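Down below is the structure, laid out as structure tokens.
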Amino acid sequence: MPRISRRQLLRTGLAAGAMLTATQCSPKTAEAPLGTPNNPSTGPQINTNQIKDVTLRFIGTGVSQINEIRDKAQADLGFKLDMRALSTEENNQIAITQPGQYDVFDGEYFSLPLVVPSGNLQPVDVSKIKDFDKIVSIFTTGKFEGAKVEASQGTAPYRVMYLKDKDAKEFATEPTDWATLIPFQYNADTLGYRPDLVGKKIESWAELFDPAFKGKTSLLDIPSIGIMDAAMVAEASGLLTFGDKGNMTREEIDKITALLIEQKKAGQFRAFWKTFDESVNLMSSGEVVLQSMWSPAVTAVKAKGIKCVYAPLKEGYRAWGGGIGLSKNLSGIQLDAAYEYMNWLLDGWVGAFLGRQGYYSAIPDNAKKFMKPAEWDFWYEGKPAAEDMVDPFGKTLEKKGALRDGGSFKERMGNVVVWNSTMKEQVYLVQKWNEFIAA
Amino acid sequence: MHKAWKTVQPYLLATPQTLIFLLFLVFPIAMIVIVSFWQFNGYAMVPAFTLDNYVSIFTSKVSVATYVNTFKYVFLVWFFSLALAFPVAYFLAFHIHNQRLQIILFLVCTVPFWTSNIIRMISWIPVLGKEGLVNQLLMGLQLTQQPVEFFLYSDFAVVLGMVHLYTFFMIAPIFNSLMRIDRRLITAAVDMGASGFQTLKEVILPLSAPGIAIGSIFIVTLVMGEFVTVRLMGGGQSASVGKLISTQIGSLQYPLAAANAVILLAVTLILVMAILRVVDIRQEL
């Protein structure tokens, strides 16, 4: 080993330090011209193009913090976006504990019972949203052509959509002028399975507890979501009934976790997953043949050339919805920019972009303008693909002639029976869920 | 004047480090201790003084079971790391006489650290999985008919993963103490008629004890707080205190997580102190 003497090291270190000091502390010789961002002029001035200097900081989950969306928005709107992709948990943590870190919160509706009481979001003035009345009625009125979804349980977006007034931290039960989030994407989740390894059609949530799949199933380890899937399974297999799956009592939580522990001890589960890629790995490696899954994860397994079905189940779907909200710190031109972004978001380009991955847009009619008729027919109408379906990143997802699992938009969203949920007994639930995972 | 300067000088020299120490170690720990007595109402922490967090930990069967499970991991990982590390270090120190080769081989031991923790864990899946290499081999050799499932997503996998990760922290200090042993002692032992095993037992082992102690401290502290390996290799099925804390933080239950962290810290300190009681490591420092 070459030996460096202490003196040599000291000398080099001191020289480097001196150089740093000299370069960092010396006066800037070349000063930016007066009136530019690096050297703002001190006098009053009228800047008609101020919005160019705005940067909106986003926090959100990987689902929508996508570079292509950011680039398109920057090109169309003329200001900058700074996106941060986080897990649902981190996203909530930052939204609640560090309001100074973001301007726009891109989150899920079921997080709102936690985020809104923190007072870190300012209500969205509905009158400034151009197409607000065109948003799917599931969000704005809770009605949907008399379909099952109208009676759905859990934190249905409609229940947390409005605030009582501008300064309220309480949700309003009827539409008001003040919205919590502006929705832009949502989906109906269900179980995914490997038809080659399962050997039959999966049509009920109950199959997750079928002893035939012992040691080959998985559930997601995010308490607020996993518990809903577990409740669907328990109810479907006739083991338990709930007053309201989306808002369980302590006894109900005790019963469902006891049931889960029993199943775990009997060796029903192979693993539990927390992130998107874990669920993809479990499925594609054949460790698991049937599990709770998210739509793009099923797509990712398919993209590897492995057959995977997103099962339409007779009991209905568990859904989620995402939207964007405003930080309480936003004001002035920044706030105007955020409203411009919201209007742009609903305009359809993003809806079409996300639609090509299987998500639904808040205003399907706007998204339709940006989709090819074949794409619209496949993703929204449930018709066979008239050509190969390509995702926004250029990957072929479905071959010509394929059908979307679960059918049309109406069939899928209309059949939602529960939404991801934050219950009144959330703290207790997390405690019991930990017991289940540790058991 | 000169005398006063002499008295003050050591204190001044120690000041920067003391400040850093207070700011980045003592202050955060103090904050954790304080928060562990706060209340939590579902979405926010409330400054208060309550023992509820501690009471709920000590009265919960699950937390006790989780601690016991964590100790199990600590013991198993410590045992297997030592069983692997001692022969490796011994071989490096006493059987490789070329110094260049010694250094190269020592660096080879660090190979597992060249890529990220998560990648290393995920790469076990194609090896240990149901359709993995090991199972294909066993089934190909007709040793089993069904894939062996306990290879992955089990305590076996967790311990394997951690041994893979942490054995180096045992090798390095043991190698270091073995290198410091005066070779004349071994010659003397041989001259006195000691067999190879006797030399190992009476001379080498006692003299390498401080290295083993330092390695053990590394292993204990690392495994006690471990949560990534436990989650990925255990498939979310296995529990450890670190994982419990990470789940609690994930659900925003900071006070409860803080209380667990305080207990974890205390338990780890007790274990480290116990090791220091048994072996005097000062000669190594």
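The values are calculated or read from the model by the stated rules, or taken from the named source; none is laboratory data. Bear in mind the structure is a predicted one, so any value in this text is a computation, not a measurement. Cβ sites come from the backbone with ideal geometry, for glycine too, and all protein chains shown count toward neighbours. For accessibility, only protein heavy atoms count, side chains too; no ligands or nucleic acids. Shrake-Rupley method; radii C 1.70, N 1.55, O 1.52, S 1.80 Å.
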**OP:** Compute the normalised compactness of the protein assembly as shown: alpha-carbon radius of gyration over 2.2 N^0.38 Å, N being the residue count.
**Re:** 1.13
Original post:
Taking the alpha-carbon set of the range A:200-270, what are its Rg and Dmax in Å?
Top reply: 11.7, 37
Subject >> Under 5 Å, built H, 5+ apart or other chain: amide partners of A:Phe269 >> reply: A:Gly215
**OP:** Take the cross-link list A:Lys72/A:Lys130; A:Lys216/A:Lys307; A:Lys216/A:Lys264; A:Lys148/A:Lys264 and give me the ones stretching past 23 Å between alpha-carbons.
**Re:** A:Lys148/A:Lys264
Subject >> Sparse-neighbourhood loop sites, trypsin sites (Lys or Arg not before Pro) in the range A:91-136 - DSSP loop, at most 15 other Cβ within 10 angstrom >> reply: A:Lys130
Original post:
Rounded, prolate or oblate: which one fits chain B, using the alpha carbon gyration tensor with axes a ≥ b ≥ c (rounded when a/c is under 1.5, else prolate when a/b beats b/c, else oblate)?
Top reply: oblate
**OP:** Order the following by accessible area, largest value first: B:Val55, A:Val160. Probe radius 1.4 Å; ligands, DNA and RNA are ignored.
**Re:** B:Val55, A:Val160
Original post:
If ligands, DNA and RNA are left out, what is the accessible area of A:Asp336 with a 1.4 Å probe, given in Å² to the nearest 10?
Top reply: 80 Å²
Original post:
More than 16 Å apart: what percent of Cα pairs in the range A:51-99 qualify?
Top reply: 43 percent
**OP:** Could you go through the range A:295-306 in sequence order and give the Karplus-derived ³J(HN,Hα) for each residue, using 6.51 cos²θ - 1.76 cosθ + 1.60 with θ = phi - 60°, rounded to whole Hz, and x for Gly and Pro?
**Re:** 3, x, 6, 4, 4, 5, 5, 4, 4, 7, x, 9
Original post:
With every protein chain kept in the model, how would you rank B:Thr221, A:Thr190 by accessible area, 1.4 Å probe, largest at the top?
Top reply: B:Thr221, A:Thr190
**OP:** Return the inverse of the average 1/r over all pairs of distinct C-alpha atoms in the range B:1-41, which is the Kirkwood hydrodynamic radius, in Å to one decimal.
**Re:** 12.7 Å
Subject >> HN-Hα J in Hz across the range A:238-249 - Karplus 6.51, -1.76, 1.60, θ = phi - 60°, x for Gly and Pro >> reply: x, 8, 9, 10, 10, x, 8, 4, x, 8, 6, 7
Subject >> Under-5 Å amide H pairs with A:Val416, H placed in peptide plane, nonlocal only >> reply: A:Val149, A:Tyr317
**OP:** Evaluate the relative contact order of chain B (contact order divided by residue number), counting alpha-carbon pairs under 8 angstrom at least 6 apart; express in whole percent.
**Re:** 26 percent
**OP:** With a cut-off of at most 14 other beta carbons within 10 Å, and DSSP calling the residue loop, which trypsin sites (Lys or Arg not before Pro) in the range A:189-264 qualify? Please list them.
**Re:** A:Lys200, A:Lys201, A:Lys214
Subject >> Charge context of B:His164, other residues only, Cβ under 13 angstrom, K/R +1, D/E -1 >> reply: 0
Subject >> Taking the range B:152-252 and dividing mean pair separation by its residue count, relative contact order in percent (alpha carbons under 8 Å, at least six apart) >> reply: 40 percent
**OP:** Amide H neighbours of A:Leu397 under 5 Å, at least 5 residues apart or on other chains, H built in the peptide plane: list them.
**Re:** A:Met389, A:Val390, A:Asp391
Original post:
Within a Cβ distance under 13 Å of B:Val77, other residues only, what is the Lys/Arg minus Asp/Glu net charge?
Top reply: -1
**OP:** Just flag the trypsin sites (Lys or Arg not before Pro) in the range A:282-321 sitting in loop per DSSP whose Cβ has no more than 16 other Cβ atoms within 10 Å.
**Re:** A:Lys304, A:Lys307, A:Lys314
Subject >> Over chain B: helical MRE at 222 nm, DSSP H runs n ≥ 4 each giving -39500 (n - 2.57), nearest 500 >> reply: -22000 deg cm²/dmol
**OP:** May I ask for the net charge around A:Val126, where only other residues with Cβ less than 10 Å from the Cβ of A:Val126 are counted and Lys, Arg are +1 while Asp, Glu are -1?
**Re:** -2
**OP:** Could you run the Karplus curve 6.51 cos²θ - 1.76 cosθ + 1.60 with θ = phi - 60° over the range A:193-205 and give me ³J(HN,Hα) per residue in whole Hz, x for Gly and Pro?
**Re:** 8, 9, x, 5, 9, 8, x, 8, 7, 8, 10, 9, 4
Subject >> the range B:46-115 versus the range A:312-368: alpha-carbon centroid distance in Å >> reply: 46 Å
